[in-house]
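This report concerns only the one structure given below.
The values are calculated or read from the model by the stated rules, or taken from the named source; none is laboratory data. All of these numbers come straight from a predicted model, not from anything done at the bench. Every residue, glycine as well, gets a Cβ built from its backbone with ideal geometry; the counts of neighbours run over all protein chains shown. Only protein heavy atoms, including side chains, enter the accessible area calculation; ligands, DNA and RNA are left aside. Shrake-Rupley method; radii C 1.70, N 1.55, O 1.52, S 1.80 Å.
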Amino acid sequence: MMDIGANLRTRLEAAVGAPHVLTDLAAMQPYLLDWRGRYQGRAFAVVRPGNTAEVAAVVGACADAQVGIVPQGGNTGMCGGATPDDSGHAVVLSLLRMNRVRATDPANATITVEAGVPLASVQAAAAAAGLNFPLSLGSEGSCTIGGNLSTNAGGTAVLRFGNARDLVLGLEVVLADGRVWDGLRGLRKDNTGYDLKHLFVGAEGTLGVITAAVLKLFPAPAHRATALAAVADPQRAVDLLRGLKSSLGDRLVGFELISGVALAMCRKHHPELPDPLPGHAWYVLVQADDTAAGGGLPADVERALGKALERGDAVDVAIAQSGEQAQTLWALRENISEAQRREGLNIKHDISLPVSVIPEFLVTAETALNRAFPGVRFVVFGHLGDGNLHYNLSAPANESSEHFLANAPAANRIVHDMVAARAGSISAEHGIGQLKRAELTHYKSALEIELMRAVKFALDPSGLLNPGKVL
Ligand code: FAD
Ligand code: MLT
Ligand code: ZN
């Protein structure tokens, strides 16, 4: 390996410059541990190219050396997809230096950005152009567009705008052999053969390295209403969703379910956050946007929530009276992940189900899991509006999280079997990574796995792109 290694290192340094080829362990470490702290990887080097040609040179050098490549954006993924294995034989290719907004086209309502641009920067660039890029995740300060597209990220506005896949019009991708595919078109209609970009969206870096994208922009909200509602139970939350959909139509943008346990855990680790509606078992965070200048959004939302209170769909409501109050309500939702991480290693289930079966699933799953793991803590929250729940389990109060984590396979089987039996998905938005490879082959049909392997072989016959992930 050494002679290949020496030659490869020379070629990598020639490609990106020596300062951007990290081999020192301490310098590499931030790139080798996943956000959740579940995967510690090792790498031959961490390489930080600054443009597409440099990415192509890096990939070409690794292809010649037959060394694996792990593309990495913000390293906020939840499934270990951006973390190399412990062989030390792979190169981590960080896209963070590719952080330019290449073009904004307000008339075409598109923006062209490089893969390493943080999601929050894309949102800001869209706003600066008087438009809206609606993808929104709790990690938006550090996750990147390349990672968002590679995981087909969802987030809190899927109900209204769809996933990352629905927001992309064109891609630039470096293929496994180092060639560059320029598919950076900003067309909403283009029926010229297979829609190749959709192979790379959601592929988690296993089919190509995304280096840039053309993204859709939308009219900016002229008015926004945000409210927290306390609800008696998940069935009432689903009833509230239906009520708000019919009264607010496509102005309803966000509808997040938050259990009392999840909210309490969030406030335990973020004590600066308020408790607007104390003492309830379930909550829903609602956001509605109106792009029309006039519009009576605040009054419409107040009326709709008033009706919900009359029907008993909600038992109490707090409507944000300012942007600051709205941000505080969202902080209660978006800090749950971080709070649960501080609470300790946990067993996550990023599942999706038809919205109508979620209330029954929650009752049935809780009964089964309480029987299997007495004292387990259910940290349940997520994007109920699009049927995606984060059904996360934390250790019982008197058990270490390391010890509890050993139950993950058994807990996954209980939860994922129930989800599969209800025509749901074992990975709604986080992807497969290295965490759910076995689950994928367990729940996908042999034909689906065969078709995925055929696509993988066609685009990466040597298996160099993100080895050990997804398949
Ligand atoms: P990374 O973690 O760096 O990589 C993720 C995957 O994409 C890896 O397989 C990697 O190899 C691949 N990849 C990265 N960049 C490229 C590229 N340029 N080309 C090819 N492959 C690439 N996710 C959601 O979907 N919805 C949420 O609501 C959500 N909330 C979150 C909240 C918090 C607090 C945190 C920490 C994470 C959350 N996530 C959520 C998970 C994560 O933020 C998303 O999966 C995000 O899209 C990952 O982006 P990233 O740039 O960090 O990618
Ligand atoms: C979120 O929506 O906050 C994350 O995707 C959920 C998680 O951390 O499990
Ligand atoms: Zn989520």
Practice task
Kindly indicate whether ARG38 is basic (Lys, Arg), within 26 Å of the chain's Cα centre (by Cα) and more than 22 Å from GLU13 (Cα to Cα).
Solution key: yes
Practice task
Give just the number: which of (1) open to solvent by less than 20 Å² (accessible area, probe 1.4 Å); (2) of a type in the set (Val, Ile, Thr); (3) farther than 30 Å from VAL59 by Cα does ILE414 not satisfy?
Solution key: (1)
Practice task
Check LEU435 against each of (1) part of a helix (DSSP H, G or I); (2) closer than 21 Å to GLY344 by Cβ; (3) of a type outside the set (S, T, N, Q); (4) within 16 Å of ligand 2 (Cβ to nearest atom) and name the one condition it does not meet.
Solution key: (1)
Problem - Top-ranked residue in the stretch 417-438 [being closer than 19 Å to PHE361 by Cβ and more than 16 Å from ligand 3 (Cβ to nearest atom); ranked as least open to solvent (accessible area, probe 1.4 Å)] - result: MET418
Completion exercise
GLU13 vs (1) more than 13 Å from ligand 1 (Cβ to nearest atom); (2) crowded, with 19+ Cβ neighbours inside 10 Å: all pass except (2)
Exercise for the section: Go through LEU159, LEU171, LEU96 for me and flag whichever is of a type outside the set (Asp, Glu), in contact with a Lys or Arg (Cβ under 8 Å, 6 or more places away or on another chain), in contact (Cβ under 8 Å) with a residue 40 or more places away in the chain and not in a loop (DSSP other than H, G, I, E, B). Expected result: LEU171
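For every residue, the table says whether it meets (1) at pLDDT below 95; (2) within 22 Å of ALA421 (Cα to Cα).
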| site | (1), (2) |
| --- | --- |
| GLU324 | no, no |
| GLN327 | no, no |
| ASN346 | yes, no |
| ILE351 | no, yes |
| GLU366 | no, yes |
Practice task
Name the one entry in ASP182, ASP166, ASP195, ASP190 that is surrounded by fewer than 18 Cβ atoms within 10 Å (Cβ to Cβ) and part of a helix (DSSP H, G or I).
Solution key: ASP166
Practice task
Give just the number: which of (1) in contact (Cβ under 8 Å) with a residue 40 or more places away in the chain; (2) among the hydroxyl-bearing types (Ser, Thr, Tyr); (3) away from ligand 3 (no atom under 16 Å from the Cβ) does TYR194 not satisfy?
Solution key: (1)
Handout entry: Unmet requirement for ALA115, which otherwise passes all of (1) more than 24 Å from ALA222 (Cα to Cα); (2) buried (at least 24 other Cβ atoms within 10 Å of the Cβ); (3) more than 16 Å from ligand 1 (Cβ to nearest atom)
Key = (3)
Completion exercise
Of GLU334, GLU302, GLU343, the only residue that is within 16 Å of ligand 1 (Cβ to nearest atom) and either open to solvent by 50 Å² or more (accessible area, probe 1.4 Å) or within 21 Å of THR156 (Cα to Cα) (or both) is GLU334
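Could you identify the single residue in GLY387, GLY382, GLY424 that is within 14 Å of ligand 1 (Cβ to nearest atom) and either at pLDDT below 95 or farther than 22 Å from ASP34 by Cβ (or both)?
Working: GLY382 fails: either at pLDDT below 95 or farther than 22 Å from ASP34 by Cβ (or both); GLY424 fails: within 14 Å of ligand 1 (Cβ to nearest atom).
When all the criteria are applied, what remains is GLY387.
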Practice task
Please work out which residue is most open to solvent (accessible area, probe 1.4 Å), limiting yourself to the stretch 218-277 and to residues that are free of Cβ contacts under 8 Å to residues at least 40 places away in the same chain and of a type outside the set (A, V, I, L, M).
Solution key: ARG242
Problem - Elements of type helices (runs of 4 or more DSSP H) contained in the stretch 307-409, each with 1 or more residues being within 16 Å of ligand 3 (Cβ to nearest atom) - result: 323-334, 336-343, 358-372
Practice task
Answer yes or no as to whether LEU309 is more than 16 Å from ligand 1 (Cβ to nearest atom), of a type outside the set (Asp, Glu) and under 19 Å from the mean Cα position of the chain (by Cα).
Solution key: no
